[in-house]
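**Student:** Right, I'll just put the structure down here and ask away after.
The values are calculated or read from the model by the stated rules, or taken from the named source; none is laboratory data. This one's a predicted model, so the numbers in the text were calculated from it and none came from an experiment. As a convention, Cβ positions derive from the backbone with ideal geometry for all residues, glycine included, and neighbour counts pool all protein chains shown. All accessible areas refer to the heavy atoms of the entire protein, side chains included, with ligands and DNA or RNA removed. Shrake-Rupley method; radii C 1.70, N 1.55, O 1.52, S 1.80 Å.
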Amino acid sequence: MIQNEYLQRVYTQVVTRDPDQREFHQAVLEVLESLEPIVVQHPEYESRGILETFVEPERMICFRVPWADDHGQIHVNRGYRIQFSSTIGPYKGGLRFHPTVNLSILKFLAFEQILKNSLTGLPMGGAKGGSDFDPKGKSDGEVMRFCQSFMTELNRHIGQFVDVPAGDIGVGAREIGYLFGQYRRVRGSFDAGVLTGKGLAFGGSLARTEATGYGLCYLTQEMLKVLRSDSFEGKTVVISGSGNVAIFATEKAAQLGAKVVALSDSDGYIHDPDGIKLDVVKDIKLNRRGRIKEYAAEVPGSTYTEGFRGIWTIPCDIALPCATQNEIDGETAKIIVKNGTMAVAEGANMPCRPEAIHEFQAAGLLFAPAKAANAGGVATSGLEMSQNSIRYTWSFEEVDSKLQTIMVNIFHNIYDASCAYNMPGDLAAGANLAGFQKVADVMLAQGVI
Ligand code: NDP
């Protein structure tokens, strides 16, 4: 509930302007609800129109993407790039290829990205883009032709000092390769810093692939250490999804001494009480682009259950939702609490609905919000941009060590903010306050118009 009159007015304007954009409303409301103490302390935010400006994207680009399938049939998808804020650096944020992609989802993701990028401490603004194209079931040639058509239009809107896209759901190393190839062809220039998540042989960074999942575990480990004098050691972990974030969160949690017992995809989930065999998962998902149910057919003692929500009935000490937005509702959260879970950290963007976060906080669980917990991916993209600029490659260990430092710093930054505003341990509020304050102060310093 927003109490403050100024914040309520800003929120009402957001809803009135775009009544159908539910995911965007949800993301804005979650942030505005936390900002009351800072807005009260800074009356100049209202007199200078900071919040009104902050919730409206600088630019929204929408374009058609025609492409030919393997039979020569033409299909037309819709492409987007939301350039939300360039206050503290070039626009930065991933591209999502998924049939559910629309303006509301991309605006929510780009909005969250502003605060997330601010928390990394690196100079990056907020953006997000993508298409309602579904790479699932498409041939390599079809994905390539789609990516080429997408970049034929997008290229004029991006650049290493303008806007630097990366991957997200449905956009991995293969898609980034095709997108980069087309950018290079149409521009006649090898601008390595225009995209991140590139292959290692053409400007990619070691540890970028692992960064979001690893970073999630580094932040969670610090949260457990500082707030519970505990660690991953000996804990049972449930992770939803089985894509990039989920796979490397599984890897790092296991390295830190935990046992990950479940993973999912949009069809269902696997449960392996002996601990997930990650080499089998990687072979299925990364080499064969298969479905998670194939795991149960290959690993004795494991089971597969249809329906992805059921994964949260499996008892665990630590829950890491790493699939997609709004996966955990209030009822599911009650089950997680009842099962004795001690911590929830969001690997996906906004996987927990507001009522779920409320259940966790009311029950005293540790809760790490996505904009802090999954910031390791974009932080390492920032490190990839740095390497591209200095034309040098850091070792895996160097990048991984910088990532660890960044995630530990993010935890302390958001925890300190929660304490400074008399909400000790409310990391969701802390992340919003710390992320916002930096951007708002720069907006004031630069003049918003
Ligand atoms: P991937 O495409 O690699 O994997 C997505 C996974 O989530 C797949 O297992 C997919 O299953 C599952 N999934 C997608 N939609 C649904 C759904 N509606 N219900 C259940 N499962 C679903 O994406 P990423 O791992 O890269 O991204 C996962 C999340 O992490 C997203 O929220 C993304 O925004 C966020 N994120 C990613 C970063 C990155 O560096 N990649 C950085 C920061 C955040 P299926 O194959 O069946 O679709």
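**Student:** Would you confirm whether or not region 166-179 contains a residue that is in a helix (DSSP H, G or I), outside the structural domain of GLN325 (by TED's automatic domain parsing) and among the aromatic types (Phe, Trp, Tyr)?
**Tutor:** Here is the first cut: in region 166-179, the residues in a helix (DSSP H, G or I) are 173-179.
Of the ones still in play, those that are also outside the structural domain of GLN325 (by TED's automatic domain parsing) are 173-179.
Next, only the ones that are among the aromatic types (Phe, Trp, Tyr) stay: 178.
Yes, that holds for at least one residue.
**Student:** Counting just the residues of region 200-216 that are over 20 Å from the mean Cα position of the chain (by Cα) and at negative phi, which one comes out nearest to the ligand (Cβ to nearest atom)?
**Tutor:** LEU200
**Student:** Across region 334-364, what is the total count of residues that are crowded, with 24+ Cβ neighbours inside 10 Å and on the phi > 0 side of the Ramachandran plot?
**Tutor:** 1
Rundown of residues vs (1) crowded, with 18+ Cβ neighbours inside 10 Å; (2) more than 26 Å from the chain's Cα centre (by Cα); (3) part of a helix (DSSP H, G or I), yes/no style:
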| site | (1), (2), (3) |
| --- | --- |
| GLN8 | no, yes, yes |
| TYR11 | yes, no, yes |
| VAL14 | yes, no, yes |
| ASP20 | no, no, no |
| PHE24 | yes, no, yes |
| GLU30 | yes, no, yes |
| VAL39 | yes, yes, yes |
| TYR45 | yes, yes, yes |
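**Student:** Return the residue satisfying two criteria in turn: it lies in region 115-128 and is under 11 Å from VAL378 (Cα atoms) and part of a helix (DSSP H, G or I), and of such residues it is nearest to the ligand (Cβ to nearest atom).
**Tutor:** LYS116
**Student:** So, one more: Here are VAL28, VAL101, VAL76, VAL39: which of them is touching a Leu at 6+ places or on another chain (Cβ under 9 Å) and either at positive phi or of a type in the set (Val, Ile, Thr) (or both)?
**Tutor:** Result: VAL39 is the single residue among VAL28, VAL101, VAL76, VAL39 that is touching a Leu at 6+ places or on another chain (Cβ under 9 Å) and either at positive phi or of a type in the set (Val, Ile, Thr) (or both).
**Student:** Could you tell me how many of the residues in region 184-233 are in a loop (DSSP other than H, G, I, E, B) and open to solvent by 60 Å² or more (accessible area, probe 1.4 Å)?
**Tutor:** Qualifying residue count, region 184-233: 4.
**Student:** Find the residue count for region 117-129, including only residues that are closer than 13 Å to GLU175 by Cβ and touching an Asp or Glu at 6+ places or on another chain (Cβ under 7 Å).
**Tutor:** Total satisfying the criteria: 0.
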